[in-house]
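**Student:** After the structure tokens below, expect a handful of questions from me.
Here, each number is a calculation from the coordinates, and none is a lab measurement. These numbers were taken from a predicted model, which means no experiment stands behind them. Don't worry about glycine lacking a Cβ; one is built from the backbone with ideal geometry, like all the others, and counts go over all protein chains shown.
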Amino acid sequence: MVLNNSEFFPTLLKEDVDFTKNYNVEIPPIGGVVNSLLQADKLLENFPFSDSKEAGAIVNQSSIDNFLIYGQQGYLTPVTNTTSSQGDGDFITGINQGTDTFSVEPEIADYGSDESDWLQAGVGNAFTKVPPPVTNPQFRSAPATINVTYNGVPTQAQAAFQYAVDIWKNLIYSPVPINIQVGWAASSSGNLGSGGPSAYQQNFANAPKPNTLYPIGLANSLAGSDLDTTKPDITLSFNSSRADWYFGIDRNTPSNQFDFVSVALHEIAHGLGFTGQMQSNSGVGQWGSLPAIYDGFAVNGSGQSLINTSLFPNPSTALGSQLTSNSLLFNGTNTRNANGNNNPRLFAPNPWNSGSSYYHLDESAYPAGSINSLMTPTLNTAEAIHNPGPVALGILKDLGWDVNTSPSFNRVKTFGDFNGDGKADILWREPVSGLNSIWLMNANNIIAATVVSPV
């Protein structure tokens, strides 16, 4: 397929990338130089695995007569007859006209999972448990319909994944079914799983913000219809090379094993939109032509938006400095309310940690055992987190998801040993409905929770 200057953008939006094809990029004559750069950027941003950060490369003009195309390693593969390369990219030479070819190869799952949102394996046993959310039909709308397609996933892993799906479907609502494709493929020893939206949409019917990229599942929900029936909404992959998975659903994760349910819950959250467009390379921060809805909520410690290009040009070292400042926050009303009226910290170490930075909550702010620890970048052995936590749910609500509400038990009524284990437990009371919630505790960790109706 050859896409010329007039065909670049509209053609790709209508056609899935076929991993068995080569794609030819034709740079138009001199009069279209600037336009072709913009359009090539659009072309490479709109693969099913979405954007310039995750798969498709940034396009820069490296000199008056060269176009440089480069992308994330493993996705864009150099082809023969190229004149030069940087990383895994190719030069297209000649200001008058040039044609080059690149192939697209899925590295993780069939549709190319989002390698930028890996959950990393932590070091050491945590011996912590966070139970599933307390759910009560009185306090939620209808559950979401979530359909799953498995590719080579073992039966035990499928059962554990379905348990994670059942948790999520009671926490969010969508009038449109959410379709997830799950892969099972070998990866490096430090990786547990990866996940992300299979595509993004912008300027669709009922889009809350113009010129903003919404993950396809959320876009479908907001639009009230399936905007693209040709692909799943979320693509996930789990590391098949690990021999230390725990597939149980009881949170009794043994020493030196990783709780699969926790990883599944984490990666589904990335697929729902806990991700964006930011990337950093050699100190230069950048995002695609349009920000994702997630990016619009990211601020520094002074409350300055990262997508404010008058402060932080795109791309720039100024933006890169912010991304590695260790002082990034998520500035959303629902998220702030869920975090004690404080904006939660995002993980932003120096140097940039590809696969972990920016798209996770800060590990030190939400350590193992915290109810908000699911969306931190690492999971330890003997650590079970079967609850997204109020902060992650607040983030999804700020992004635009209809998050099913449960009673906000915001007033401690009393303490006591309610299960006879010699440890102090907590009784919360929701002042409006009169409902009570009992949290059975083991020191600082919740081991069980239940709702008790008023008598």
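**Student:** With labels modelled as points extended 7 Å from the Cα through the Cβ direction, what inter-label distance (nm, one decimal) is found for residue 310 paired with residue 326?
**Tutor:** According to this spin-label approximation, the distance is 3.2 nm.
**Student:** Using θ = phi - 60° and the Karplus curve 6.51 cos²θ - 1.76 cosθ + 1.60, what whole-Hz ³J(HN,Hα) does each residue of segment 340-351 get, with Gly and Pro shown as x?
**Tutor:** Working through the residues one at a time gives x, 6, 10, 5, x, 7, 9, 6, 9, x, 10, x Hz.
**Student:** Suppose R0 equals 25 Å. What FRET efficiency, 1/(1 + (r/R0)^6) with r the Cβ-Cβ distance, do residue 150 and residue 244 give to the nearest 0.05?
**Tutor:** For R0 = 25 Å, the calculated efficiency reads 0.75.
**Student:** Considering amide H positions built from the backbone, and no H for Pro or chain starts, which residues 5 or more places from residue 126, or on another chain, come under 5 Å of its amide H?
**Tutor:** 381, 382, 383
**Student:** Hey, quick one: spin label on residue 162, modelled 7 Å out along Cα-Cβ, who in segment 247-280 has an amide N within reach, i.e. under 14 Å?
**Tutor:** Inside the label zone: 249.
**Student:** Let me ask another. Fully extended, how many nm does the chain gain between residue 302 and residue 255 (0.36 nm per residue separation, minus their Cα-Cα distance)? Walk me through the numbers before you get to the answer.
**Tutor:** Details: separation 47, 0.36 × 47 = 16.92 nm, distance 4.18 nm.
Length difference between fully extended and current span is 12.7 nm.
**Student:** Could you order the peptides 203-212, 285-294, 272-281, 142-151 from most to least packed, using the average number of other C-beta atoms within 10 Å per residue? It would help to have the intermediate numbers written out before the result.
**Tutor:** Values: 203-212: 12.5, 285-294: 23.0, 272-281: 25.9, 142-151: 16.0.
Order by mean packing, descending: 272-281, 285-294, 142-151, 203-212.
**Student:** Using packing as a proxy for protection, rank 265-271, 159-165, 194-200 so that the peptide with the highest average count of other Cβ atoms within 10 Å comes first. Before the final figure, lay out each step's value.
**Tutor:** On the way: 265-271: 27.1, 159-165: 19.9, 194-200: 29.1.
Final packing ranking: 194-200, 265-271, 159-165.
**Student:** Using θ = phi - 60° and the Karplus form 6.51 cos²θ - 1.76 cosθ + 1.60, what ³J(HN,Hα) does each residue of segment 279-289 get, whole Hz, x for Gly and Pro?
**Tutor:** Those phi angles translate into 8, 9, 9, 6, x, 9, x, 7, 9, x, 4 Hz.
**Student:** On to the next question. Using only Cα atoms, what Kirkwood radius does segment 115-403 have, in angstroms? If you can, show how the numbers build up before the last one.
**Tutor:** Numbers: mean 1/r = 0.0528 Å⁻¹.
Hydrodynamic radius (Kirkwood, Cα pairs) of segment 115-403 is 19.0 Å.
**Student:** One quarter of the convex hull surface, Cα atoms only: what value does that give for segment 211-302 in nm²?
**Tutor:** Numbers: hull surface 41.1 nm².
About 10.3 nm², averaged over all directions.
**Student:** Follow-up. Out of residues 5 or more away from residue 298 or on other chains, whose amide H comes under 5 Å of its own, with H placed 1.01 Å from N in the peptide plane?
**Tutor:** 306, 331
**Student:** A further question follows. Working out 0.36 nm times the residue gap between residue 419 and residue 225, then minus their Cα-Cα distance, what length gain in nm do you get to one decimal? Intermediate values should be presented prior to the final figure.
**Tutor:** Values: separation 194, 0.36 × 194 = 69.84 nm, distance 4.75 nm.
My answer for the length gained is 65.1 nm.
**Student:** Using mean Cβ contacts within 10 Å as the protection proxy, how do 229-237, 341-349 order, highest first?
**Tutor:** Numbers: 229-237: 23.4, 341-349: 18.9.
With the highest mean Cβ count within 10 Å placed first, the list reads 229-237, 341-349.
**Student:** Would you mind checking which residues have amide H under 5 Å from residue 360's amide H? H placed 1.01 Å from N; only 5 or more apart, or other chain.
**Tutor:** Amide H neighbours of residue 360: 347.
**Student:** Convert each backbone phi in segment 296-309 into a coupling constant with the Karplus relation 6.51 cos²θ - 1.76 cosθ + 1.60 (shift: θ = phi - 60°), then list the ³J(HN,Hα) values in order as whole Hz, x for Gly and Pro.
**Tutor:** Here the 3J(HN,Hα) series is x, 9, 7, 9, 8, x, 8, x, 7, 6, 5, 9, 7, 6 Hz.
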